[in-house]
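Step one of this worksheet: look at the structure below.
The values are calculated or read from the model by the stated rules, or taken from the named source; none is laboratory data. Bear in mind that the values here come from a model prediction, so they are computed numbers and not experimental data. Positions of Cβ are backbone-derived with ideal geometry, glycine not excepted, and every protein chain shown enters the neighbour counts. Only protein heavy atoms, including side chains, enter the accessible area calculation; ligands, DNA and RNA are left aside. Shrake-Rupley method; radii C 1.70, N 1.55, O 1.52, S 1.80 Å.
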Amino acid sequence: MPIKALLFDLDGVIVDTAIFHYQAWRRMANSLGFDISEEFNEQLKGVSRAESLDIILAHGGLTLSDETKAELAARKNEWYLELVSQMTPANILPGVTDFFAQVKAAGLKSALGSVSKNARLILERIGMLDDFDAIIDGTKISRGKPDPEVFLKGAAELGVQPDECVVIEDAVAGIEAAKRGGMLAVGIGEPTVLTRADLVAGSLAALTLNQVLSLSAMNR
Ligand code: G6P
Ligand code: MG
């Protein structure tokens, strides 16, 4: 099966909003009297807002009503959006623009596959809303990563099969989602963290499209 499409995660792959999510959640945890470490934060990457809150509250040993949880999730999102509102195209991570140029030149399709309900807003701020052939975000799915729904919908909207897709992801849950969906997965981050990825690079700047395409040849 030749590779026909690349499915990109947003937070931590295209832009460094992963750090904004962490800062906003940390602010919320601190306001409740406990802290969360960067290492703890790894398990929140790719996980929906509501699920992230549940994981954080369990970590802090707190059980709260659904009403209070809804308030906390809304407050975290306000803090997060304060950070997002300052974003510009300068926030696009190194290597992204060049990698997209390679994808387009090779005639491959691309889709966004993010659990975030703020994905379109972020793409607008960084001027990349028109760079994807399909955008699947948190408003279009009912299950977050590691469920493969977001990527399977992306493949369907592009009109390609899962085994014709490569997912580019920075989250453990996102790599797992790609694998469950029957797709190849490239991790952006540390090989010791993203152990299930077919290939890991430090950033898109350290990755060429040829590396991704030869990976698919190796696996078939
Ligand atoms: C992405 C991020 C997660 C975030 C989720 C929901 O998957 O990696 O950290 O919790 O989106 O984002 P949202 O913007 O809807 O709160
Ligand atoms: Mg991510």
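Counting only protein heavy atoms and a 1.4 Å probe, tell me what percentage of the chain's accessible area is made up of carbon and sulfur. Each step should come with its number before you reach the end.
On the way: 4990 of 9930 Å².
The nonpolar share, carbon plus sulfur, comes to 50 percent.
Sort all Cα-Cα distances of the stretch 6-136 into consecutive 5 angstrom bins from zero, then give the percent of pairs in each bin up to the one containing the longest distance.
In order of increasing distance, the bins hold 2, 10, 20, 21, 17, 12, 9, 6, 3, 1, 0 percent.
Testing the spin-label approximation: label points 7 Å from Cα along Cα→Cβ at Arg143 and Asn30. State their distance in nm.
3.7 nm
Computed from the mean reciprocal separation of all distinct C-alpha pairs, what Kirkwood hydrodynamic radius does the stretch 151-205 have, in Å? Let's see the in-between values first.
Values: mean 1/r = 0.0900 Å⁻¹.
For the stretch 151-205, the Kirkwood estimate is 11.1 Å.
Eight or more residues apart or on different chains, and alpha-carbon atoms under 30 Å: count the Lys pairs in the stretch 10-117 matching that.
Close lysine pairs found across the stretch 10-117: 9.
Take every Cα pair under 8 Å in the chain that's 6+ residues apart, average their separations, divide by the length, and report that relative contact order as a whole percent.
Values: 367 pairs, mean separation 60.4, N = 220.
That works out to 27 percent.
Once the convex hull of the alpha carbons of the stretch 88-173 is built, what does its volume come to per residue, in cubic angstrom?
Roughly 99 Å³ of hull volume per residue.
Excluding Leu123 itself, what net charge comes from residues whose Cβ is under 15 Å from its Cβ, given Lys and Arg +1 and Asp and Glu -1?
Values: positive: Lys117, Arg120, Arg125, Lys140; negative: Asp9, Asp11, Asp16, Glu124, Asp130, Asp131, Asp133, Asp137.
Once positives and negatives cancel, what remains is -4.
Please give the contour-minus-distance gain from Asp66 to Thr195: 0.36 nm per residue of separation, less the Cα-Cα distance, rounded to one decimal in nm.
On the way: separation 129, 0.36 × 129 = 46.44 nm, distance 3.48 nm.
Answer, rounded to one decimal: 43.0 nm.
Using helices alone, what [θ] at 222 nm do you get for the chain, with -39,500 (n - 2.57) per DSSP H run of 4 or more residues, divided over all residues and rounded to the nearest 500? Display every interim value, and only then the final one.
Details: 9 runs with 95 residues, N = 220.
About -13000 deg cm²/dmol.
Would you please classify the overall shape of the stretch 118-167 from the alpha carbon gyration tensor, given that a ≥ b ≥ c denote the square roots of the eigenvalues, rounded means a/c under 1.5, and beyond that prolate means a/b larger than b/c while oblate covers the rest? Spell out each step's value before the answer.
Values: a/c = 2.43, a/b = 1.38, b/c = 1.76.
Oblate.
To the nearest 10 degrees, how steep is helix 96-105 against the longest Cα principal axis of the chain, on a 0 to 90 scale?
30 degrees
As an exercise, use a Förster radius of 30 Å and the Cβ-Cβ distance of Ala106 and Arg180 to find the FRET efficiency, rounded to the nearest 0.05.
0.65
Throw me the Rg/Rh for the chain, computed over C-alpha atoms with Kirkwood Rh, two decimals.
Reported Rg/Rh (Cα atoms, Kirkwood Rh): 0.97.
Would you mind checking the tilt of helix 17-31 against the longest principal axis of the Cα atoms of the chain, expressed as 0 to 90 degrees and rounded to 10?
Here the helix axis deviates by roughly 10 degrees.
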